[in-house]
Amino acid sequence: MTDVAAWRPTASREALESRARQLAWVRGFFAQRGVLEVETPVLGHHGASDLNIDSVRACVLPVAAAPATTAWLQTSPEYHMKRLLAAGSGPIFQVARVFRDGERGNRHNPEFSLLEWYRPDFDDRDLMDEVARLVSGWLECEWPEIHSYRDVMRRYAGIDPFAATDREIARRCEEWLDPAEFPGMARDGYLDLLMSYCVEPALRRSGPTFITHYPASQAALARVSTDGDGYPVAHRFELYVNGIELCNGYWELTDPDEQARRFAADNAARKRAGKVEMPADQNLLAALAAGMPCCAGVALGLDRLLMLKLGTRDIADVLAFPFERA
């Protein structure tokens, strides 16, 4: 039997009003800094190649009676925004509706609101400062501390993520989970489990925290360098508030050849995992070749930011209609 209340929104009037204030505040924040608001396609010809992100497929008939075309609801406006940067847009931001398959939980909905922005001539440290100003200003919280990925893993998971062997990392995970629950998992998968089961719960008991210098294997679209001990690390950061991951930022990769290699590596990993392979976005590669400026960029979940503002642990409390009621 159909739930007679299923037509009703799950967000309260207070949450709807707070979302409206949040959007106005974000737009005012960037207007004061001369950052241009842009819009890019929600429906694109390429999906995400990242092994850990699955795009939602769409069947499109751009012309009536023409053969159907496979398209993808965007998981992030990143590729299109980078093309704007290469065309000379200058600093830009976007409030985007984005989509990710297989993601539903207390902090996830298949459709959600993402704030993404790019700052030419910024590196990751410059952008972290701006992220801190936006988040601490909206939440009225303390200024975030900064800790390296290696430090928090040694402190809270009891293992050195760079020096430990694959087997040592796997054994550490097996102290919390049955190995049968994650057969054939690779090194980064085990590290992600340790982050989820050891680090994130510990961060709930601390103040806002930036985590930096992730392993190079987790660089995604970030530049890579080496740390003081010679280990390759990514110029990538994440911000956690009350143990909730709010954003993921990079000092952006601008080398088209390296980007093409990472697309190929992503697809090899997707093939091994039995996932759909994603053709490389040739328009993005062409934009990088044309000369995307040196910049830093970040994607921040607005729904999670609102959850923190209202003190709720369920994303449905800040969405008018989560997927079940859409």
Single residue of ARG155, ARG104 found to be out of contact with any strand residue (DSSP E or B) (no Cβ under 7 Å at 6 or more places or on another chain), more than 21 Å from GLN32 (Cα to Cα) and surrounded by 14 or more Cβ atoms within 10 Å (Cβ to Cβ): ARG104
Here is a check on your reading of the model: is VAL298 farther than 22 Å from ILE53 by Cα, in contact (Cβ under 8 Å) with a residue 40 or more places away in the chain and buried (at least 20 other Cβ atoms within 10 Å of the Cβ)? no
Could you check, for region 118-138, whether at least one of its residues is out of contact with any strand residue (DSSP E or B) (no Cβ under 8 Å at 6 or more places or on another chain) and either on the phi > 0 side of the Ramachandran plot or modelled with pLDDT under 95 (or both)? no
Looking at ARG150, ARG119, ARG125, which is the one that is in contact (Cβ under 8 Å) with a residue 40 or more places away in the chain and within 29 Å of LEU85 (Cα to Cα)? ARG119
Taking region 189-232 and keeping residues assigned to a loop (DSSP other than H, G, I, E, B) and of a type in the set (Asp, Glu) leaves ASP227, ASP229
Quick one: in region 191-232, of everything that is out of contact with any helix residue (DSSP H, G or I) (no Cβ under 6 Å at 6 or more places or on another chain), under 21 Å from ARG172 (Cβ atoms) and aliphatic (A, V, I, L, M), which residue is surrounded by the most Cβ atoms within 10 Å (Cβ to Cβ)? LEU191
Here are some residues: ASP160, ASP129. Which one is surrounded by fewer than 18 Cβ atoms within 10 Å (Cβ to Cβ) and either within 26 Å of TYR197 (Cβ to Cβ) or in contact with a Ser or Thr (Cβ under 7 Å, 6 or more places away or on another chain) (or both)? ASP160
Scanning region 233-271 for residues that are assigned to a strand (DSSP E or B) and small (Gly, Ala, Ser), which turns out surrounded by the fewest Cβ atoms within 10 Å (Cβ to Cβ)? ALA234
May I ask you to verify whether GLY90 is of a type in the set (Gly, Ala, Ser), in contact (Cβ under 8 Å) with a residue 24 or more places away in the chain, closer than 26 Å to ASP188 by Cα and out of contact with any Cys (no Cβ under 6 Å at 6 or more places or on another chain)? no
Conditions: (1) farther than 15 Å from LEU114 by Cα; (2) part of a strand (DSSP E or B). ALA289 meets all but one. Number of the miss? (2)
Can you tell me which residue within region 134-169, out of those that are part of a loop (DSSP other than H, G, I, E, B) and acidic (Asp, Glu), is farthest from GLU200 (Cα to Cα)? GLU140
Residue count for region 87-110, restricted to those that are at pLDDT below 95 and touching a Lys or Arg at 6+ places or on another chain (Cβ under 7 Å): 3
What do you reckon, is THR165 among the hydroxyl-bearing types (Ser, Thr, Tyr) and either in contact with a strand residue (DSSP E or B) (Cβ under 8 Å, 6 or more places away or on another chain) or more than 29 Å from ARG272 (Cβ to Cβ) (or both)? no
Would you mind stating whether SER76 is under 15 Å from LEU302 (Cα atoms), assigned to a loop (DSSP other than H, G, I, E, B), under 16 Å from the mean Cα position of the chain (by Cα) and touching a residue at least 40 places away in the same chain (Cβ under 8 Å)? yes
Find the residue count for region 122-177, including only residues that are β-branched (Val, Ile, Thr) and within 19 Å of the chain's Cα centre (by Cα). 3
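For every residue, the table says whether it meets (1) closer than 19 Å to TYR79 by Cα; (2) of a type in the set (Asp, Glu); (3) within 19 Å of the chain's Cα centre (by Cα).
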residue: PHE210; (1), (2), (3): no, no, yes
residue: HIS213; (1), (2), (3): no, no, yes
residue: THR226; (1), (2), (3): no, no, no
residue: LEU239; (1), (2), (3): no, no, yes
residue: ASN242; (1), (2), (3): no, no, yes
residue: TRP251; (1), (2), (3): yes, no, yes
residue: PRO256; (1), (2), (3): yes, no, no
residue: PHE263; (1), (2), (3): yes, no, yes
What's the number of the only condition in (1) more than 30 Å from GLU145 (Cα to Cα); (2) of a type outside the set (Gly, Ala, Ser); (3) under 20 Å from the mean Cα position of the chain (by Cα) that VAL233 fails to meet? (1)
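The values are calculated or read from the model by the stated rules, or taken from the named source; none is laboratory data. As the structure is a computational prediction, the values presented were derived from the model and not from experiment. Heads up, the Cβs are rebuilt from the backbone with ideal geometry, glycines too, and the neighbour counts pull from every protein chain shown.
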